[in-house]
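The values are calculated or read from the model by the stated rules, or taken from the named source; none is laboratory data. Keep in mind it's a predicted model, so treat the numbers as computed, not measured. Cβ atoms come from the backbone with ideal geometry, glycine included; neighbour counts cover every protein chain shown.
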Amino acid sequence: MVVMQHGKVVETGRAADVLRAPKHEYTKSLVAAAPGLGRTVVRERHFVDESDAPLLELEDVHKTYRIRRGETLDAVGGVSLHIHKGETYALVGESGSGKTTTARVALQLEPATSGRVRFGGVDVTGARGEAARELHRRFQLVHQSPFASLNPLRTIGQTIAEPLREFSVVAPKQRDARVAELLDSVALPPEFASRRPEQLSGGQRQRVAIARALASEPECIVLDEAVSALDVSVQAQVLDLLARLQRETGVAYLFITHDLGVVRELADRVGVLRQGQMVETGYTTEVLDHPTEAYTRALVQAIPGTNLNVAGASQLTGANESND
Ligand SMILES: Nc1ncnc2c1ncn2[C@@H]1O[C@H](COP(=O)(O)OP(=O)(O)OP(=O)(O)O)[C@@H](O)[C@H]1O
Ligand SMILES: [Mg+2]
């Protein structure tokens, strides 16, 4: 393993040794920030009023795609879930299991083949026009790919200001100040408002996408692999930001990821999707500590750091002994 910072190698060694006992300050900070390795923050069970009606409710949602003549694919095959105000619900599962499709149907960006979607107690299934507009003010998406979601011709400031204008969140005179505040909330300096997406790193773009999603002051945000592409130290920063915003505003998150280390840290409840079916759902700690499905167990086994801590432990001890 070789660790680089500012274009120079700062540390090198056997991966297990470096991860166990990092010597350089930068390596130490990386290991400390990696979910499942150094960063084993477990989500504090915070108060979610489950007696209230759910904010978002999916009831037996199906989405069937026609692939070619006479051939269909059940991308989502009867998914039900609900999310309360102020809650984080993680949707996990392997690539192609239907996570993004479920979110797109929830947001009414794609029509469900069957099933109902309710938001704020109102049936929004098939919402169009003003009803869809109102839904998108209250329910936002951070796209899986920030490269695709930011308009390359617009400045960052214009991109973030768009929902402010569209939904008349603040008076026109206050827009610039609000853009600066939103940039600040994702730890970006105000000068970024005049830059274009191509002048930003991937992690910075992702934070812009999050700032934009926050602009309309939504009650729920879908974060579709929103932190997966970030290096662990920026990821930790964004996760902290999301947790803080939730404490301050009561926003709910539908958090899509295949990183169960992040799920453990952030989510109150988790649903495991496989081939468009919800195979397991419950409180995060219960599902991750006592998975009932073999599929969930396999996902838990794949959490980074799990092997280092469990399976690799004896091997490591052996190696250290022979070195002494
Ligand atoms: N527009 C479409 N037309 C046909 N099939 C589609 C379409 N969109 C998605 N699919 C298929 O539906 C299934 C679910 O896709 P989806 O994007 O929801 O997966 P995912 O769980 O988000 O995966 P990933 O982790 O890779 O993002 C996949 O098999 C995919 O190929
Ligand atoms: Mg996806």
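Checked against the criterion of being within 20 Å of the chain's Cα centre (by Cα) and within 16 Å of ligand 2 (Cβ to nearest atom), the candidates V48, V76 yield just one match: V76.
Restricting V262, V270 to those that are part of a helix (DSSP H, G or I) and not hydroxyl-bearing (S, T, Y) reduces the list to V262.
I'd like to know if the stretch 132-142 contains one or more residues that are in a strand (DSSP E or B), touching a Cys at 6+ places or on another chain (Cβ under 6 Å) and of a type outside the set (K, R). Outline the logic, then answer.
Step one: filter the stretch 132-142 for residues in a strand (DSSP E or B), giving 139-142.
In the following step, the residues that additionally are touching a Cys at 6+ places or on another chain (Cβ under 6 Å) were identified as 139.
Right, trim to of a type outside the set (K, R) and you get 139.
Within the stretch 132-142 (the criterion being in a strand (DSSP E or B), touching a Cys at 6+ places or on another chain (Cβ under 6 Å) and of a type outside the set (K, R)), the answer is yes, since at least one residue qualifies.
Being within 13 Å of ligand 2 (Cβ to nearest atom), among the acidic types (D, E) and more than 16 Å from A215 (Cα to Cα) narrows it down to one of E130, E94, so name that one. Don't jump to the end; show me each part of the working.
Details: E130 fails: within 13 Å of ligand 2 (Cβ to nearest atom).
Exactly one residue qualifies, and that residue is E94.
This table checks each residue for (1) within 30 Å of A161 (Cα to Cα); (2) within 16 Å of ligand 1 (Cβ to nearest atom); (3) modelled with pLDDT under 85.
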position	(1), (2), (3)
A226	yes, yes, no
D231	yes, no, yes
L266	yes, no, no
T281	no, yes, no
Y295	no, yes, no
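Residue pairs whose Cβ atoms lie under 8 Å apart, separated by 6 or more positions or on different chains, with the first residue in the stretch 14-27 and under 17 Å from D231 (Cα atoms) and the second assigned to a loop (DSSP other than H, G, I, E, B), are L19/M1; L19/L37.
Return the only residue of R133, R116, R137 being surrounded by fewer than 14 Cβ atoms within 10 Å (Cβ to Cβ) and closer than 22 Å to E219 by Cβ. Outline the logic, then answer.
Details: R116 fails: surrounded by fewer than 14 Cβ atoms within 10 Å (Cβ to Cβ); R137 fails: surrounded by fewer than 14 Cβ atoms within 10 Å (Cβ to Cβ).
None of the others qualify; the one that does is R133.
R178 satisfies every condition listed in (1) farther than 26 Å from D268 by Cα; (2) under 16 Å from the mean Cα position of the chain (by Cα) except (2).
A quick yes/no check of all residues on (1) out of contact with any Lys or Arg (no Cβ under 8 Å at 6 or more places or on another chain); (2) within 16 Å of ligand 2 (Cβ to nearest atom); (3) of a type outside the set (F, W, Y):
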position	(1), (2), (3)
R178	yes, no, yes
V186	no, no, yes
S194	yes, no, yes
Q199	yes, no, yes
G203	yes, no, yes
R207	yes, no, yes
L214	yes, no, yes
P218	no, no, yes
S228	yes, yes, yes
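For E94, are the conditions met, namely being assigned to a loop (DSSP other than H, G, I, E, B) and within 13 Å of ligand 1 (Cβ to nearest atom)? Yes; evaluated as a whole, the condition is true for this residue. Of the residues making up the stretch 219-264, those that are of a type in the set (D, E) and touching a Ser or Thr at 6+ places or on another chain (Cβ under 8 Å) are D224, E225, D259. Right, R104: at pLDDT 95 or above and assigned to a strand (DSSP E or B) or not? The answer is no for R104.
Out of all the residues in the stretch 70-78, is one or more at pLDDT below 95, in contact with a strand residue (DSSP E or B) (Cβ under 8 Å, 6 or more places away or on another chain) and of a type in the set (S, T, Y)? Yes; the residues of the stretch 70-78 include at least one that is at pLDDT below 95, in contact with a strand residue (DSSP E or B) (Cβ under 8 Å, 6 or more places away or on another chain) and of a type in the set (S, T, Y).
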